[in-house]
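Below you'll find the structure, written out as structure tokens, and then a few comments.
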Amino acid sequence: MPSETPHIVRAGETLSGVAAAHGVDPNVLARSNGITNGRLTAGVRLQLAPLRVPFDPSAAGTHVIAAGESVASIAKAHGTTVEGLMNLNHIHAGESLEAGQSMRISSGWLCPVPGAQFANDWGWVKHDGRTHEGVDVFANHGAAIVAPVAGHLHQDEGPSGGLQFTLWGDDGVVYFGSHMDSFGASGDVSAGETIGTIGSTGNAAGTSPHLHFEVHTSPTDRTANPYPALVAACK
């Protein structure tokens, strides 16, 4: 069984070489770490064990809009929220629906910051020797942050993270985000519900607005790399 301890890439190492050394399928290793070009960068942490996070961002059904239906009536019928459907389908306030068109009905994982930009910076070694435990998701100041899944959300403020949240997802995963500009919904939240806005609070003051985003497979586990799920859900 692959080790739960990440592998730190050394100069000259290859994906196939690391996979062989740890008894891991190179394709699984690539998927678990969001590697699409087969190249490794020295200093990056590779997660050796396949992600135990039940990420399936593409798992979504569709609803064919009938005459007279509204976003609200469709959301009620499928047990989701108006805000979640609007975010998922890029529907603007006041926009009318057209009968016969298909609407996505999420049953999976939503992009936490629709339209954001990000890179696979999970595991990068910082100047002080610590590793980056999440992925920084960049967007315009004040852009909406939404719950990727339904769950229970707690808000707080820390000296490093500034305005931050912890979301205990109904999927069994714990999500953490920081550097927000403002808070949104808290307590029991639905997937797609706005939980805050993008900012640069805490030790991110003076940097480009972004959300530091982490996922944990349990409250006590180290972080898993969220990059593969972000790619699937956001791009």
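The values are calculated or read from the model by the stated rules, or taken from the named source; none is laboratory data. Keep in mind that what you see is a predicted model, and the values were worked out from it rather than measured. No Cβ is skipped: glycine too gets one built from the backbone with ideal geometry, and neighbour counts run over all protein chains shown.
Name the residue, out of Gly129, Gly142, that is on the phi > 0 side of the Ramachandran plot and without any contact (Cβ under 8 Å) to a residue 24 or more places away in the chain.
The unique qualifying residue is Gly129.
For residues that are closer than 17 Å to Glu214 by Cα and modelled with pLDDT of 60 or more, scanning just the stretch 27-59, find the one that is surrounded by the fewest Cβ atoms within 10 Å (Cβ to Cβ).
Going through the qualifying residues, I end up with Gly34.
Conditions first: (1) of a type outside the set (D, E, K, R); (2) buried (at least 20 other Cβ atoms within 10 Å of the Cβ); (3) free of Cβ contacts under 8 Å to residues at least 12 places away in the same chain. Ser73 passes all but one, so which condition is the exception?
If we test Ser73 against (1) of a type outside the set (D, E, K, R); (2) buried (at least 20 other Cβ atoms within 10 Å of the Cβ); (3) free of Cβ contacts under 8 Å to residues at least 12 places away in the same chain, just (2) comes out false.
May I ask you to say which residue of Gly123, Gly115, Gly84 is more than 23 Å from Gln47 (Cβ to Cβ) and not in a helix (DSSP H, G or I)?
Gly115
Go through (1) within 27 Å of Val44 (Cβ to Cβ); (2) of a type outside the set (A, V, I, L, M); (3) in contact with an Asp or Glu (Cβ under 6 Å, 6 or more places away or on another chain); (4) modelled with pLDDT of 90 or more and name the single condition His152 misses.
(1)
Out of all the residues in the stretch 119-159, which are buried (at least 21 other Cβ atoms within 10 Å of the Cβ) and either outside the structural domain of Thr217 (by TED's automatic domain parsing) or among the β-branched types (Val, Ile, Thr) (or both)?
Those that are buried (at least 21 other Cβ atoms within 10 Å of the Cβ) and either outside the structural domain of Thr217 (by TED's automatic domain parsing) or among the β-branched types (Val, Ile, Thr) (or both): Val135, Val137, Ile145, Val146, Val149.
Among the candidates Gly206, Gly192, Gly177, which residue alone is part of a loop (DSSP other than H, G, I, E, B), under 28 Å from Asn89 (Cα atoms), in the same structural domain as Val135 (by TED's automatic domain parsing) and not aromatic (Phe, Trp, Tyr)?
Testing whether each residue is part of a loop (DSSP other than H, G, I, E, B), under 28 Å from Asn89 (Cα atoms), in the same structural domain as Val135 (by TED's automatic domain parsing) and not aromatic (Phe, Trp, Tyr) leaves just Gly192.
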